[in-house]
Amino acid sequence: MARSLRAKSPGVEIAWIGGHRGLEAQVVPDTGIPFRRLMLRSLRSVDMDVHVILDPIRLSLSVPQALAMLAWRRPDAIFTTGGYVSLPALLAASALRIPVVMWDGNVVPGRSVRVTARLAGCLAVTYESTCKTMHGLRPCFVTGTPIRDPRQIGRAEARAALGVAADEKLVLVFGGSQSVRRFNSAVAEALPRLVEKVSVLHVTGDDGYDEAIHHRDLLPDDLRHRYRPERFLGDEMTEALAAADLVVGRAGSSTLSEVAAFGLPMVVVPYPHAAGHQRRNAEELARVGGARLVEDEAFDAEALLAAAAILDDPALHDSMAAAARSLARPGAADAVVELVLAAANRRPMPDAAHLADVSKGAAPAAPPAPPTAPATPAAAPPDWPALAADLHAETGLRGRLAESMAPHTTMRVGGPADLLVEARSTAALAAALAFARRRGVAWLVIGRGSDLVVSDAGIRGMVVVNHATDVRIEGERLIAAAGTPLAKAATVAGSAGLSGLEFGLAIPGSVGGAVWANAGAHGSDIATVIESAELLRSDGDVVTVPPAELGLSYRDSRLKRSHGDASDVVLSATFRLSSLAPEAIGARLDEIRRWRREHQPLTQPSAGSIFRNPEGDSAGRLIDAAGLKGAREGGAMVSPRHANFIVNAGTATAADVRSLAEKVRGTVEARFGVRLVFEVEFVGDWSGWSEEAK
């Protein structure tokens, strides 16, 4: 919430008022937000002790304390999650006529939330059914749960930051700050069997950490690296979620919302002492098929091993991931902030439909400029809902309307595609493209979304995200489907004792994109190792062609130079490699990982190298020599670590990235007389930009 508020209202002042219990006293000061404590403490038990007498006294003393704090600071608005601890501040706000926005993330709010909701001006909730539960107490808006922005980091970058190999299966286990003991016990008992199949990132809490380290030390040397216990994950939780394949955890609102935003299957164990809130939350995710619910008393080592077995069934895993993603509202913080700013400025509240678009990450509805050269002239724009229905009826593929492109690119920017389809097999990819061609619909195929900057206006047409990831070894050849991450192909080859693709570990894109751009790094490129490529022609024929017919040159190919419906699409590639000891290949891969960690901004979203290297020089050196490291345009920044990377510092738009890239190119040309050539592709509706800039 604080990040979003600062992004939408630069210069805003934020202060935090809390109680004498909980993690806020540890976490809030580190963010730079001023933190003041009231005398009262949160209520967590009904034990008959001295606090039964002291708590009402603390509450009564906290009301004038809150009144004094608010009278001194005179905030324009208050945001609260309601409940007992908020009561003094809400009573004080009511007396001082300060508007209040209250958020609650549970399907059924607790009694204290229902009571304090009467003191708020409006309510923001995660679930539509919650508004009905509140019985019209106050205007109620469905925004989702404010969470970490899933667009901050991509999966490849997150795994590199955590030291997790691209082909490892990672289970993230955490039980919340107050309820981890059952999880810790289950992990300890299951650990020797668990790490034989998967890697485990385990958040233990302070009390369980030393014991977890002890159990890790008992593991065999070759498996010990697969278990990583952590006391607590703050901002690193974003990396953990982006890197994970499966989550095992409690059913707090934030946890479930983050799992949905990252599209992760979950085994959820509701905390039994949460007044039934967690069970109702868990049932909501389980109802759509995104989670498997296990009761607390039934969760043990065997239940944890059964949870990990989800990763053995790709079809089940994918269906659960898709179901979880259907509940995602990655822009929830932005939606709630719009309510807070409206309250602070005494403006009417935004309408519910607009907030729904914002919370789901869709750009506000604004009529895009018409394409200057439409692929198929038409008297009226396509009926996308009807086309999506026809697509499903004819191919079995489900498309998503007005899907934000930001989560599908490594730059984490971009407006909506009219229709987005995810193809999980080569056959599905071919079927989607055949449908688009039959209907005369403009289309674009992407893989992992690196080397792309999608415009804020989005993409007019159908985007097909290729997730076909089959890989097989035949002798000294590796054959990989186009959607396979190149880093995965490199690690599979290395495990098989085949050398030549190690450079691919440094490239965040897919095999198809790498062939299309003749990607390269560390002194090698695709042209060096490719033996053939399987292409889908515009007429539907599938052909296998040698490298000579691909027209490969430095970061270029014939495929890259062709556009529109006549373009060939890479379905798979065959690489001719050479035998080498796996240990030697592993050492080379470790060297590349180490180099990337030291020299590239792996923890921030980027599209990769922005410019091609000019002959005899490097773009990064020229940009650095021009003094542009750290230069910013809005939320985009030239990486201080590698000058040929523009990173999303958290709030960047595509226009920010494009403007900064043009500024860098112009400055380098003015200083050194070298006109840098873009390596990234700017795709989508860039109306208003000069043709030369495009």
*Mind ranking 111-120, 585-594 by how tightly packed they are, going by the mean number of other C-beta atoms within 10 angstrom, highest first?*
111-120, 585-594
*Check MET637: other-chain or 5+ apart residues with amide H under 5 Å from its amide H, H built from backbone geometry?*
VAL647, ALA649
*Out of residues 5 or more away from SER499 or on other chains, whose amide H comes under 5 Å of its own, with H placed 1.01 Å from N in the peptide plane?*
SER578, SER579, LEU580
*asked:* Tell me which of PRO546, MET39, ALA353 sits at the most positive position along the dipole axis of the chain, charges placed on C-beta atoms (Lys, Arg +1; Asp, Glu -1).
replied: MET39
_Rg over Rh, two decimals, the chain (C-alpha only, Kirkwood Rh)_ = 0.98
*asked:* With θ taken as phi - 60° and the coefficients 6.51, -1.76 and 1.60, list the Karplus ³J(HN,Hα) couplings across region 310-320 in order, rounded to whole Hz; mark glycine and proline as x.
replied: 4, 6, 7, 10, x, 5, 5, 4, 5, 5, 5
*Of SER659, SER557, GLY520, which is farthest along the charge dipole of the chain in the positive direction, counting Lys and Arg as +1 and Asp and Glu as -1 at C-beta?*
SER659
*Roughly what angle does helix 426-439 make with the longest principal axis of the chain, taking Cα atoms, 0 to 90 degrees, to the nearest 10?*
90 degrees
*Restricting attention to the chain, give the cysteines that have no other cysteine Cβ less than 4.7 angstrom from their Cβ.*
CYS122
*With all protein chains present and a 1.4 Å probe, how do VAL683, VAL542, VAL101 order by accessible area, largest first?*
VAL542, VAL683, VAL101
*Charges only on Cβ, +1 for Lys and Arg, -1 for Asp and Glu: so what's the dipole of region 382-479 about the Cα centre, in debye to the nearest 20?*
40 debye
_Cα gyration tensor shape for region 639-689, rounded if a/c is under 1.5, else prolate or oblate_ = oblate
*Computed label-point distance, nm, for sites ASP617 and MET349 using a 7 Å Cα→Cβ extension*: 5.8 nm
*Burial order of peptide ranges 342-348, 353-359 (average beta-carbon count within 10 Å, highest first)*: 353-359, 342-348
_Could you check the spin-label model distance between SER562 and ASP470? Points 7 Å from the Cα along Cα→Cβ, value in nm._
2.3 nm
*Interchain or long-range residues, amide H under 5 Å from ARG231's placed H*: THR204
*Using the Cβ atoms and a cut-off under 12 Å, what net charge is assigned to the surroundings of LEU535, where Lys and Arg are +1 and Asp and Glu are -1?*
-3
*Which angle between 0 and 90 degrees, to the nearest 10, do you get for helix 486-495 versus the longest principal axis of the chain when only C-alpha atoms count?*
80 degrees
*Contour minus end-to-end for GLU662 and ASP313, with contour as 0.36 nm per residue of separation and end-to-end as the Cα-Cα distance?*
121.0 nm
*Cross-link table LYS132/LYS360; LYS197/LYS488; LYS197/LYS360; LYS360/LYS560, entries beyond 29 Å C-alpha to C-alpha*: LYS197/LYS360; LYS360/LYS560
*Simple spin-label estimate for ARG477 and GLU583 in nanometres, 7 Å along Cα-Cβ*: 3.1 nm
_Charge dipole of the chain about the Cα centre (unit charges at C-beta), most positive-ward option of ALA124, ILE459, ALA71_ = ALA71
*Using only Cα atoms, tell me the angle between helix 51-73 and the longest principal axis of the chain; keep it within 0 to 90° and round to the nearest 10.*
70 degrees
*asked:* With the cut-off at 1.5 for a/c, could you classify region 146-287 from its C-alpha gyration tensor as rounded, prolate or oblate?
replied: oblate
*Please list 472-484, 326-338 highest first by mean number of surrounding beta-carbon atoms within 10 Å per residue.*
326-338, 472-484
_Cα gyration tensor category, rounded, prolate or oblate, for region 246-303 with a/c compared to 1.5_ = oblate
_Cβ-derived FRET efficiency at R0 60 Å, ALA548 paired with GLU230, nearest 0.05_ = 0.75
_Size of electric dipole in the chain: Cβ of Lys, Arg +1 and of Asp, Glu -1, about Cα centre, debye, nearest 20_ = 2120 debye
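The values are calculated or read from the model by the stated rules, or taken from the named source; none is laboratory data. Quick caveat, the model's predicted, so the values are computed rather than measured. When we count neighbours, we look across all protein chains shown, and the Cβ atoms used for this are built from the backbone with ideal geometry, even at glycine. SASA here: full protein model, heavy atoms, side chains in, ligands and nucleic acids out. Shrake-Rupley method; radii C 1.70, N 1.55, O 1.52, S 1.80 Å.
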